[in-house]
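Input: one structure, supplied below.
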Amino acid sequence: MLSVSDIYLQYGERILFDNISFSVGERERIGLVGRNGAGKSTLLKIIAGVISPDAGKVSRPGNSTLGFLHQEMNLPKGKTVIEEAMTAFEEARELEKRLENIHKEVAERTDYESEGYSKLLTDMADLEHRFHILGGHQMQPTAEKVLKGLGFEDKDFERLTDEFSGGWQMRIELAKILLRQPDFLLLDEPTNHLDIESILWLEEFLDGYEGSLIVISHDKTFLDNVTKRTLEIELGKLYDYKASYSGYVEMRKERREKMLAAYENQQRVIAEKERTIKRFMAKATKTSMAQSMQKQLDKIERIEIEEEDTAVMNIRFPEAPRSGQVVIEASKVTKRYGDLLVLDKVDLKLDRGDRVAFVGQNGQGKTTLAKILVNALQPTEGQVKIGHNVSIGYYAQNQAETLQPNLTLLETMEQHSPPEMRTKLRAILGAFLFSGEDQDKKVSVLSGGERARLALACLLLRPVNLLVLDEPTNHLDMLSKEVLKNAIQQYNGTLIVVSHDRDFLGGLTDQTIEFRDHRLHTYLGDVNYFLEKRKLDNMRQVEKTSNNTAQAQKNEAAPKVELSYEERKQLQRAVSQAQKKVKELEKKIAKLETEMADPNFYNQPKATEKLKSHGAAKEELEKYLEEWMLAEEKLNGN
């Protein structure tokens, strides 16, 4: 168990944590939520021992392990992707060397009856058992499997980590942490740089993870699928809910409603008693009674309602000017980066009022096409025609990073504003939760969420009738995402939105375009209709890579039968049960082999019985290993 006791932390006059406590039990799945700046990442750093609180302590078993994925990681340079991933098996590789030495010594020694030889065999059995537990016999295949689950391809394994962007380096770091299989896993925004396929692979991986998990995420669907308990940090206090995110939202609402009702009722009672005391104090004959009533009133335990952080952005996109019927048309657009083909002769036509979501695996061309449509990137072949009277508003995936750090917030707005909007800039900043002296801060001191809000504020300065948003929810908290979604739903222009956030996309568009195999595949409905139409229960199969599609068609291979949700669940249970049984049998075999290493073993009365038990356990182990392999093959579609 991990225990967090009476943590207190103060920065200046602000109390970040006011003596908060909680514990984490075996195999717990916890979501850590709260507004941006509430202290979620700081709390994980305290648990991981990266920073120390002003008071309080964190304790966990001395032999336990902890893995921490944080947002300020820095991979060492000079190693390939697979080499860096394999560093996760440091203990297993050290055991492998020790076992090699022991095997060599066992082969050379002849003092079979000696105590030293017996101890050598015992050490060998213990080390081999630990080696099995750590997955030592499958290190590279396991590493490759996890890397592929997170979106890497075979050709990426021998590339240097230096060649990859920060988002892909985060995936390598995540792979290393998952491969270590720590007892406690702390994940700070693990889905920020993942596509939907990788997010769903991670959900499946965590479902079979044997340790305890605390995760920070702004992906509501991810939290619902992964967690069973929610810890909320609000204004220095911590609230514990035995539910996933959606359940927490309802329970939180009910808790506050009940507390408010009790508070209001108590206030009425107190007010009535205070009026009575005041009347009695005015009469000499009732002074003693008034004093007695006052003492009783002073003893009442007052209900206190915690101040609620309800500040949200107030966003409304300007009225869209009327455009021509055809807003934008792309014809035979091809895009190559050197020898890499991203888009292959794609066509796209949007009419006035169309609302489209771009979905697909990272690297399939969603952002590339968005940039081509807004003329931020030129196609290799093909052309794009902009319709009559079309004005474009574009929010790039890295829009917040393009803001000039040396400017203040107000100066940034002035830089993006037409003259007629200058008098409204402070009011607009206020609507985005930047008020008073905040508006004179430098951009360089803003958090990621604050920069995202400022970039969105700049987008509202000019009326546009084609809005292109590439991952607009990055760095936004739950409430801010909901406000943004509501604003987009009220926007009356034409919309293109690129996102991996399933909850955000739900009900937002009337078309979904899947990017797959360098082509576009259009579905007339939102992301949920898209799933239903394809008769799939998750986006893993929807966005599954199709590297072997061409070869399969060439060989006229039979079409792959997709698994239903229930079938996947049954197979996942089978894998989990087989894994559990394998671990039990490996422990049993290791124990028996330790006993068998004793020179006096064969003189024991139950030696024959134990030998039979050892043989039966080995056979049973092979059976469950095969069941495990078959179930995983079916899950992976092999």
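The values are calculated or read from the model by the stated rules, or taken from the named source; none is laboratory data. None of these values were measured; they are calculated from a predicted model. Note: ideal-geometry Cβ built from the backbone for every residue, glycine included; neighbour counts use all protein chains shown. Just so you know, the surface numbers come from the protein's heavy atoms only, side chains and all, with ligands and any DNA or RNA stripped out. Shrake-Rupley method; radii C 1.70, N 1.55, O 1.52, S 1.80 Å.
Test Q138 against the criterion of being under 22 Å from R573 (Cα atoms) and modelled with pLDDT under 85, and give yes or no. Step through it out loud before you land on a result.
On the way: under 22 Å from R573 (Cα atoms): yes; modelled with pLDDT under 85: yes.
Yes.
Next question. If I filter segment 131-138 for residues that are of a type outside the set (D, E), farther than 24 Å from D183 by Cβ and either in a helix (DSSP H, G or I) or in contact with a Cys (Cβ under 6 Å, 6 or more places away or on another chain) (or both), do I get at least one hit?
no
Looking only at segment 591-610, filter to residues that are at pLDDT 75 or above and surrounded by 12 or more Cβ atoms within 10 Å (Cβ to Cβ); which one of those is nearest to S114 (Cα to Cα)?
E595
Applying the selection to segment 362-417, what residues are among the β-branched types (V, I, T) and on the phi > 0 side of the Ramachandran plot?
Of the residues in segment 362-417, the ones among the β-branched types (V, I, T) are 367-368, 372, 374, 380, 384, 386, 390, 392, 402, 408, 412.
Result: no residue meets the conditions.
Within the bounds of segment 233-251, is there any residue that is of a type in the set (S, T, N, Q) and at pLDDT below 90?
no
I've got another one for you. Residue check, K176 against (1) among the charged types (D, E, K, R); (2) surrounded by fewer than 19 Cβ atoms within 10 Å (Cβ to Cβ); (3) closer than 24 Å to L75 by Cα, all met but one. Which one?
(2)
It is to be established whether one or more residues within segment 575-583 are at pLDDT below 75, within 43 Å of the chain's Cα centre (by Cα) and open to solvent by 50 Å² or more (accessible area, probe 1.4 Å).
no
Right, another one. State the number of residues belonging to segment 417-449 that are assigned to a helix (DSSP H, G or I) and open to solvent by 70 Å² or more (accessible area, probe 1.4 Å).
Result for segment 417-449: 10.
Tell me, yes or no, whether segment 222-239 has at least one residue that is on the phi < 0 side of the Ramachandran plot and among the small types (G, A, S).
Checked segment 222-239: no residue is on the phi < 0 side of the Ramachandran plot and among the small types (G, A, S).
Taking segment 497-520 only, how many residues are out of contact with any Gly (no Cβ under 9 Å at 6 or more places or on another chain), farther than 19 Å from V374 by Cα, in a loop (DSSP other than H, G, I, E, B) and not acidic (D, E)?
Qualifying residue count for the region: 4.
While we're looking at this one, here's another question. Looking only at segment 157-166, count how many residues are open to solvent by less than 60 Å² (accessible area, probe 1.4 Å), in contact (Cβ under 8 Å) with a residue 60 or more places away in the chain and either part of a helix (DSSP H, G or I) or over 21 Å from Q140 (Cβ atoms) (or both). Before the answer, list the steps.
From segment 157-166, those open to solvent by less than 60 Å² (accessible area, probe 1.4 Å) are 157, 161, 164, 166; that's our starting set.
The next check asks that each one be in contact (Cβ under 8 Å) with a residue 60 or more places away in the chain; those that pass are 157, 161, 164.
In the following step, the residues that additionally are either part of a helix (DSSP H, G or I) or over 21 Å from Q140 (Cβ atoms) (or both) were identified as 161.
Looking only at that region, the number is 1.
Mind counting the residues in segment 623-632 that are modelled with pLDDT under 75 and closer than 23 Å to T594 by Cβ?
Residues flagged as modelled with pLDDT under 75 and closer than 23 Å to T594 by Cβ within segment 623-632 amount to 1.
Within segment 139-156, which residues are surrounded by 15 or more Cβ atoms within 10 Å (Cβ to Cβ) and part of a helix (DSSP H, G or I)?
Once the filter is applied, which keeps residues that are surrounded by 15 or more Cβ atoms within 10 Å (Cβ to Cβ) and part of a helix (DSSP H, G or I), segment 139-156 yields M139, T142, A143, E144, K145, V146, L147, K148, G149, D156.
Name the single residue, out of those in segment 51-71 being surrounded by 13 or more Cβ atoms within 10 Å (Cβ to Cβ) and among the β-branched types (V, I, T), that is nearest to A243 (Cα to Cα).
V58
Still on this structure: Return yes when Y248 is in contact (Cβ under 8 Å) with a residue 40 or more places away in the chain, assigned to a helix (DSSP H, G or I), open to solvent by less than 30 Å² (accessible area, probe 1.4 Å) and hydroxyl-bearing (S, T, Y) and no when it is not.
It is true that Y248 is in contact (Cβ under 8 Å) with a residue 40 or more places away in the chain, assigned to a helix (DSSP H, G or I), open to solvent by less than 30 Å² (accessible area, probe 1.4 Å) and hydroxyl-bearing (S, T, Y).
I'm trying to understand the selection: among the residues of segment 16-41, which are within 17 Å of V58 (Cα to Cα), open to solvent by less than 30 Å² (accessible area, probe 1.4 Å) and touching a Leu at 6+ places or on another chain (Cβ under 8 Å)?
Within segment 16-41, L16, F17, I20, F22, V24, I30, L32, G39, K40 meet the criteria.
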